[in-house]
Every structure is written in C-alpha cells, then in structure tokens.
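One structure is given below, encoded as structure tokens.
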Amino acid sequence: MEKYYKPSGKFSLIFILYLLLVSVTAFPVLGLLYAYCIWYIPFVYVNFFITLGFGFLIGFVVALIVIKKGKVRNPVLGFVIGLTAAFFALYLHWAIWIDLVINAGESYGSDRIGITVSNIEFLQVFSLIFRPDLVLEYISQVNEYGTWGIRGATASGAFLWVVWSIEFIIVIAISGFLSYLEAKKPFSESTNSWYEEMVLPAFSYIDNQQQMIADILGSNHAGFDLLSKSIDSKTDNHSIFTLYKSKSGKNYLSIDNKTSKIDDKGNITFDSDQIVEYITINSQLSKLLLDK
C-alpha cells in the first residue's frame, strides 16, 4: 500500500467545456468588476489588494468548476489551465478597461488624488474583444501618456510596464497555484469521484512531528491518544487535521501546525507549518480521529 497519495495524472476532456463556460460567464463579470474597481478607486495600495482578490477569484472559479467538475487530477495540467484562464480573464479586463479610457469624461479632484468619470459601451467592448491587435495598440498609447499617477507624477513608460507586468504575474500565479493545489487533492479512480474533505476541529499543537508521522504509517494510535481539543484555536498554538474520505475504503490525512504570534497592532495571527500532506491512514485511525 502506498504511504502517500499520488495523483493519477488523468483528466476528463469535459474540463474544456467547463473552461469555455466560465470564460463566457464568470470571467467577463470578474473582468468588468476589476476594471471598474481599478478605474474608480484612486489608491494604488488598495488596488494592489484588489489585484490579489481578482487573481484569487479567478483561481477559485477555475478550481471549483473546471478542475473539480472536470475531474482534472493532473497537477501540471491544472496549473496550465489556471494560467490560461487567468490570461484570458486579464485580456477581457483589458478590453473593458481600455473602453473606459476611450469613454473617459470629466475629472474631479486634485493633482494628488482624483477620479475620471467613465462608463463602457457594451458593443464597443464586444468589438474590442475580437480585435486583440487594437487592444494592444491602445495599451501602447496609454502606456505612452499614462492615466494615473503617484504623488502628482503620472505613471507611464517603463515604470508603467513594470507595474502592469507585476499585476500580470500576480494574477496568473495565484490562479495557476490554486488550480494546481485543487488537482493535487485525493481522487478515487475506482469510484470516479473526489474524496470527501473534512476539516476537523482544532487539536493541540504537535511538538514531535516525526513521531506523529511514524505513528500514522505504523497504524499506531499512541500519537492520537495524546491529542486534546481543550484549546482556544483563536489564541493558542494548535494543529489542524484534514481528513479525506472515500467509499473506496482508503483514507488520507493532512496535518498543519498553527503557531500564534502578535503583530505590530496587537492582533493575533498564525504561521502555518505543514507536517504532512495526503498520508495514507487506515479506517481504525480515521474513526479514532472522528470520535475525538
């Protein structure tokens, strides 16, 4: 019996249908929201987090619909799908954002901060989507003159290319990574379905990590007997067990230690340390965990 889960590398071609579906439904909506947020929120630092959110939402949609429903259990393919989806979603965003530039109207505010009123014309956006050469031409023109600035200086030229490149890398990297992680999750080839993922209540912090792994591999319940739920997971160091169950009878387990720390503002946050991922666990130990 294998000690750890390994993806089969298989996939169903139906993922292409799901990818096309989200490309014509979810991605235009996300691209529209992202374009308007970037256009009307004149704070560069806020826009950075909006970009992170855009990448996360694309990755979430791809992971949930394309990877999961398309039964893609090939992590490399999942990563490529995530990259491709993010690239297309970004292209839709650019077509929409360029249309906002084209239809820009009155500006309000000062040299340091302000907004320019604009709204898209749907037929115009639709025509731009099918003219990538025109979109690229407009992008080059915008880069030459710029549309926004920092501390009164307009961002343009090489600096703006760098900003756009960072945005591009952030969005596709997040989307690709989330899709990759989803494709890695346990899948039962015998039942042709994903394992049921169960995040268990927090247990006590695991100090001897190697012993815990050895106990699981040796089907020894001694390590589990020492686990306690008498902790406050909002403040204390603790561990998180994620159990993957299937009707096929084989189960897998992932364990993370969570170490609490206090940030500069006095808030408690947690550093995560993965102890083990997708280790095979027998039904007896699985039942013991669930009973605890």
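The values are calculated or read from the model by the stated rules, or taken from the named source; none is laboratory data. Predicted, not measured: the structure shown is a model, and the values here were computed from it. We place every Cβ from the backbone using ideal geometry, glycine too, and count neighbours over all the protein chains shown.
The set of residues in the stretch 5-39 that are among the small types (G, A, S) and over 23 Å from L52 (Cα atoms) comprises S8, G9, S12.
Among the residues of the stretch 31-71, those that are over 24 Å from V125 (Cα atoms) and in contact with a strand residue (DSSP E or B) (Cβ under 9 Å, 6 or more places away or on another chain) comprise V44, K68, K71. Condition check: touching a residue at least 12 places away in the same chain (Cβ under 8 Å), part of a strand (DSSP E or B) and at positive phi. Does Y278 satisfy that? Yes.
As a summary of the residue check, I150 satisfies the conditions (1) of a type outside the set (D, E, K, R); (2) closer than 28 Å to P75 by Cβ; (3) at pLDDT below 95 except for the one numbered (2). For L77, state whether it is over 20 Å from the mean Cα position of the chain (by Cα) and under 30 Å from W194 (Cβ atoms). So L77 fails the test. Residues in the stretch 1-18 that are in contact with a Phe, Trp or Tyr (Cβ under 9 Å, 6 or more places away or on another chain) and buried (at least 17 other Cβ atoms within 10 Å of the Cβ): Y5, P7. For the stretch 187-222, the set of residues classified as part of a helix (DSSP H, G or I) and either surrounded by fewer than 14 Cβ atoms within 10 Å (Cβ to Cβ) or of a type outside the set (D, E, K, R) (or both) consists of Q209, Q210, Q211, M212, I213, A214, I216, L217, A222, listed by residue number.
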